[in-house]
Every structure is written in structure tokens, then in C-alpha cells.
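Report on the following structure.
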Amino acid sequence: MTEILTRRIVPDLVLRDATQADIPIFFEYESDPQAVHMAAFTAKDPADRAAHTAHWVKIMALASVKIKTILADGVVVGSVLSYEDEGHTEVSYWIGRPYWGRGIATAALKAFMEFQTVRPLYARAAKDNLASIRVLQKCGFAITAEEQGFANARGQEIAELVLVIQTV
């Protein structure tokens, strides 16, 4: 008899309110050089822990910013949030590199979009960040524009895609 093994791709996923205790974990993920390069549009100095902490404390206090910590199998693996920018609501997420490729970003963004029901909802991704673009498209976002923006992580202007989802 052949034993059939199954592997759960997406772990037990929970979104909870972000807390200041999450900030050091977010720092570890958001200062990873490979992840920083991929994200491209990051802090000026992703290795500056004090600036990172100050930024997170500031945005956690803003009523216009909705932030959730992503837990997979009980472990903090990243964050997902929405914020106001130039009159529209944008969504952003960050998954720690050890947790890439497991469907966590897609599942977390889908869950967050049930919580954040403002539409249209915008997102941005470096044009060469194919994984993030794919996550957004799986969640119903469509590419609507290409812009140029200065990517701190790369020290130069790069192409950035603007994606939008119109309906809940």
C-alpha cells in the first residue's frame, strides 16, 4: 500500500491588531537585504533600528492607518496594512523571507481585504517584483499604470506598477 502524504501549503493564518511588541520582528524582516532589494521602495536606511521603530510607533498611532500582524501557525510572519495617500487608500504587506512561497501573502491580503472594504483600493509594486505582483493579481488587483519612482533600496529611479481593485 502506498502512503499518500499531504502537505498543507497555507498554514493556519490569523490576522490580529499589530502591537509595539511586533516591531522588533518586523524590523528583522524589513531589514533583510534580499527582501529590501525585492521590495525596492523602503526606508532610506532599512538597517536603522531606531528610525524603523519610530516609524512604526508613529503609524500605529494614526487612525487612518489600519495595521494587522500576520500569524502563521502561531508565529509572527509579517504585516499587512492600509493607509491614505493622495486621497485614496493603498494597501501594503511584508512577509518575512523565511515564509515566502507558502501562499501566506495571498491568504493574508485576501483576509485583510475583508476587513478593509474601501474601494477602490490601490497597491504598488516594483515592476520586477513578480511575486508581489502575482499576489496582488490573485487577490483581484489589476495593473492600471506604470510610473517611475525613486527606490531607496536600489538608489535609483525604477519602474513601479500601480494596481487597483474596484469592488468588494
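In the stretch 154-167 there is no residue matching the filter, namely being in contact with a helix residue (DSSP H, G or I) (Cβ under 8 Å, 6 or more places away or on another chain) and under 21 Å from residue 77 (Cα atoms). Applying a threshold of 6 Å to beta carbon distances and a minimum spacing of six or more residues, or different chains, the list of pairs starting in the stretch 126-151 at a residue that is under 25 Å from residue 43 (Cα atoms) and ending at one that is part of a helix (DSSP H, G or I) reads 129/38; 135/105; 135/106.
Selection of helices (runs of 4 or more DSSP H) fully inside the stretch 14-124 by the criterion of at least 1 residues being open to solvent by 30 Å² or more (accessible area, probe 1.4 Å), farther than 20 Å from residue 162 by Cα and among the polar types (S, T, N, Q) returns 33-39, 49-60. Scanning the stretch 150-167 for residues that are open to solvent by less than 40 Å² (accessible area, probe 1.4 Å), part of a strand (DSSP E or B) and either touching a Ser or Thr at 6+ places or on another chain (Cβ under 9 Å) or more than 18 Å from residue 88 (Cα to Cα) (or both) yields a count of 7.
Residues checked against (1) out of contact with any helix residue (DSSP H, G or I) (no Cβ under 6 Å at 6 or more places or on another chain); (2) under 19 Å from residue 106 (Cβ atoms):
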site	(1), (2)
20	yes, no
37	yes, no
63	yes, no
72	no, yes
75	yes, yes
82	yes, yes
90	yes, yes
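The values are calculated or read from the model by the stated rules, or taken from the named source; none is laboratory data. Note that the coordinates shown come from a computational prediction; the quantities given were computed from them, not determined experimentally. As a convention, Cβ positions derive from the backbone with ideal geometry for all residues, glycine included, and neighbour counts pool all protein chains shown. Side chains are part of the model used for accessible areas, which takes the heavy atoms of the whole protein and leaves out ligands, DNA and RNA. Shrake-Rupley method; radii C 1.70, N 1.55, O 1.52, S 1.80 Å.
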